[in-house]
Amino acid sequence: MQVEIVPCLSDNYAYVLTAPGSRQAVVVDASEAAPVRAALQRSGLELVAILSTHHHPDHVGGNEELVREFPRARVFAFGTDRGRLPALTDGLSDDARFDVGGFEFRALHIPGHTLGAVAYVGADCVFTGDTLFVAGCGRLFEGSASQMYDSLNEKLARLPDATRVFCGHEYTAKNLEFAAHMEPGNAAVRAKAERVAALRARGEPSVPSTIAEERATNPFMRCQSPEILEQVAEDLAGDRSPQAVLGAVRRAKDRYR
Ligand SMILES: [Zn+2]
């Protein structure tokens, strides 16, 4: 799977996916039409599908316009987002499989940031929208801490270690700063922060990460870490379940700078 990273708006990423030798493109999260259209035109690609990770406008703002230009393109999203996600044609259920653009994708329902959030797994990649960020996770706008825990730790963390992780925003440097604050003893966090600082200084994106790197550095996937437990102990009110720890880490992140 060839993945072209298309910066959109201030810090969003859309992704243009093509199979080797194919002129068909699948776009993950058409945040806005213009940069996506430009990327398609540069490579002479026909848009055959948009995979929307969730309904927020900064992830679906280009759907209507792109579908007008490519009337055969299908728009995939989680089924319950029908009615609030523009141009949706194919409503998905958890674990649904579908073929498009020369790829087989699997949908993973990952509620937490929104109730209809979905990740797309294809080839060695996963597209996680605003649920799993590199070294972070999205705010709990619609779902609960417990749902976010399951989405990150029971679903995404179980993908193969080498799975490449492409998320919805470039928030990595800030996220790693918070990760280091939560787990000062985590050497993997420090090493990754150095790598990301070098990438960003060159104007390059911090994506993709991998599932193995996220398990090693992402505080929301490390709810059993003794250092993290200690950091949030006062906010746990006796419930030291990993779901409660995730909720406390999320609240700490909401307050952090
Ligand atoms: Zn969002």
Checklist outcome for this item: If each part is reduced to its alpha-carbon centroid, the stretch 197-257 and the stretch 11-40 end up apart, in Å, by 30
Checklist entry - What FRET efficiency do you get for Ser241 and Asp11 if R0 is 41 Å and r is their Cβ-Cβ distance, rounded to the nearest 0.05? => result 0.80
Next on the checklist: If packing is taken as the average number of other Cβ atoms within 10 Å across a peptide's residues, how do 90-100, 128-138, 114-124, 232-242 rank, most packed first?
Outcome noted: 128-138, 114-124, 90-100, 232-242
Item to check | Orientation-averaged projected area, Cα convex hull of the chain (nm²) | outcome: 13.0
Item to check | Sites Ala162 and Ser93 - FRET efficiency at Förster radius 25 Å, r taken between beta-carbons, to 0.05 | outcome: 0.40
Checklist entry - Calculated from DSSP H runs of 4 or more alone, at -39500 (n - 2.57) each and per residue, what is the 222 nm mean residue ellipticity of the chain, nearest 500? => result -8500 deg cm²/dmol
Checklist entry - How many percent of the accessible area of the chain is carbon or sulfur, using a 1.4 Å probe? => result 50
Checklist outcome for this item: Hits in the stretch 101-116: amide N under 13 Å from the 7 Å Cα→Cβ extension of Glu154, namely 109-112
Checklist entry - Suppose every K and R has +1 on its Cβ and every D and E has -1 on its Cβ; what is the size of the dipole of the stretch 1-148 about the Cα centre, in Debye to the nearest 20? => result 220
Checklist entry - Across the stretch 135-152, in residue order, what do the Karplus-derived ³J(HN,Hα) couplings come to in whole Hz, using 6.51 cos²θ - 1.76 cosθ + 1.60 with θ = phi - 60° and x for Gly and Pro? => result 6, x, 8, x, 5, 8, 6, 10, x, 9, 4, 5, 5, 4, 4, 5, 4, 6
Checklist outcome for this item: Taking 0.36 nm per residue of separation between Glu177 and Glu46 and subtracting their Cα-Cα distance, the length gained on full extension comes to 43.2 nm
Checklist entry - For Arg84 and Glu227, FRET efficiency with R0 = 45 Å and r from the beta-carbon atoms, rounded to 0.05? => result 0.70
Item to check | Residue-normalised accessible area of the stretch 1-135, expressed per residue, 1.4 Å probe, Å² | outcome: 37
Checklist entry - Going through the stretch 100-162, which trypsin sites (Lys or Arg not before Pro) have at most 16 other Cβ atoms within 10 Å and a DSSP loop state? => result Arg139
Checklist outcome for this item: For the stretch 175-252, dividing by residue count, accessible area per residue (probe 1.4 Å) in Å² works out to 46
Next on the checklist: Using protein chains only and a probe of 1.4 angstrom, how many square angstrom of His55 are accessible, to the nearest 10?
Outcome noted: 40
Checklist outcome for this item: If one builds a Gaussian network model of the chain from Cα atoms under 10 Å apart, the most fluctuating residue listed among Ala73, Ala188, Ala145 is Ala188
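The values are calculated or read from the model by the stated rules, or taken from the named source; none is laboratory data. No experiment lies behind these values; they were computed from the predicted model shown. Note: ideal-geometry Cβ built from the backbone for every residue, glycine included; neighbour counts use all protein chains shown. Only protein heavy atoms, including side chains, enter the accessible area calculation; ligands, DNA and RNA are left aside. Shrake-Rupley method; radii C 1.70, N 1.55, O 1.52, S 1.80 Å.
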